[in-house]
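Engineer: Dropping the structure in here first, questions after.
The values are calculated or read from the model by the stated rules, or taken from the named source; none is laboratory data. Bear in mind the structure is a predicted one, so any value in this text is a computation, not a measurement. Every residue, glycine among them, receives a Cβ derived from its backbone with ideal geometry; neighbour counts consider all protein chains shown. Ligands, DNA and RNA are stripped out before the accessible areas are found, and what is left, the full protein with its side chains, is counted by its heavy atoms. Shrake-Rupley method; radii C 1.70, N 1.55, O 1.52, S 1.80 Å.
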Amino acid sequence: MKGRFGDLIGRQLDLFEREEADLIADCEAAERAYDQAERDEAEERYGDYLDLVETGTELLAGLRDSFASTLDEETAEEYEAEFNHAVLRRLPRFALEIENL
């Protein structure tokens, strides 16, 4: 991972993937359930999937924001941008809304 905070962010995302392995697996299962759902069940299955993704996104944003709060404003903005970009590359399902949190 490149960038000023690349190593740190890599370790943070490693930790997230280890600690939230069940959540990630639940997201994958919920996405499969949605993909395989009959038309009358698809909306509910998609809602279940989105709820799980939202949980993961909020956890990642909390991790990001916790570290960013220790930095000065300019450095925090740089870190946040790198973090969000790393999430997009490595955990894309959680990246859609992370910039809005």
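Engineer: For the chain, place one equal point scatterer on every Cα, skip the solvent, and apply the Debye formula. What is log10 of I(q)/I(0) at q = 0.16 Å⁻¹?
Structural biologist: -0.69
Engineer: Which value, in debye to the nearest 20, describes the size of the charge dipole of the chain about its Cα centre when Lys and Arg Cβ atoms bear +1, Asp and Glu Cβ atoms bear -1, and nothing else is charged?
Structural biologist: Taking the Cα centre of the chain as origin, the dipole is about 560 debye.
Engineer: Taking square-rooted eigenvalues a ≥ b ≥ c of the alpha carbon gyration tensor, is the stretch 36-78 rounded, prolate or oblate, where a/c under 1.5 means rounded and, failing that, a/b exceeding b/c means prolate?
Structural biologist: Taking the square roots of the gyration eigenvalues as a ≥ b ≥ c, the stretch 36-78 is prolate.
Engineer: So how far, in whole Å, is the C-alpha centre of the stretch 1-39 from the one of the stretch 49-94?
Structural biologist: Each part reduced to its Cα centre gives a spacing of 12 Å.
Engineer: Note the full-extension length gain between ASP65 and GLU99 as 0.36 nm times their separation in residues minus their Cα-Cα distance, in nm to one decimal.
Structural biologist: Answer, rounded to one decimal: 11.1 nm.
Engineer: How much accessible area per residue does the chain have, counting only protein heavy atoms and a probe of 1.4 Å, in square angstrom?
Structural biologist: 66 Å²
Engineer: Related question: Nearest 10 degrees, 0 to 90: what angle lies between the long axis of helix 21-36 and the longest principal axis of the chain (Cα atoms)?
Structural biologist: 40 degrees
Engineer: A further question follows. How large a share of the accessible area of the chain, in percent, is made up of carbon and sulfur atoms when the probe is 1.4 Å and the other protein chains stay in place?
Structural biologist: Taking all protein chains in place, the chain shows 45 percent carbon and sulfur surface.
Engineer: Continuing with this model, one more query. Please list, in order along the stretch 74-88, the HN-Hα scalar couplings obtained from phi with the Karplus expression 6.51 cos²θ - 1.76 cosθ + 1.60 (θ = phi - 60°), rounded to whole Hz, x for Gly and Pro.
Structural biologist: 5, 5, 4, 5, 5, 4, 4, 5, 5, 4, 4, 5, 5, 5, 4
Engineer: Can you check what the net charge comes to around LEU8, using other residues whose Cβ is under 13 Å from the Cβ of LEU8 (Lys, Arg +1; Asp, Glu -1)?
Structural biologist: Taking every Cβ under 13 Å from that of LEU8, the sum is -1.
Engineer: Counting helices only, and only those DSSP H runs with n ≥ 4, report the 222 nm mean residue ellipticity of the chain as the sum of -39,500 (n - 2.57) divided by its residues, in deg cm²/dmol to the nearest 500.
Structural biologist: -26500 deg cm²/dmol
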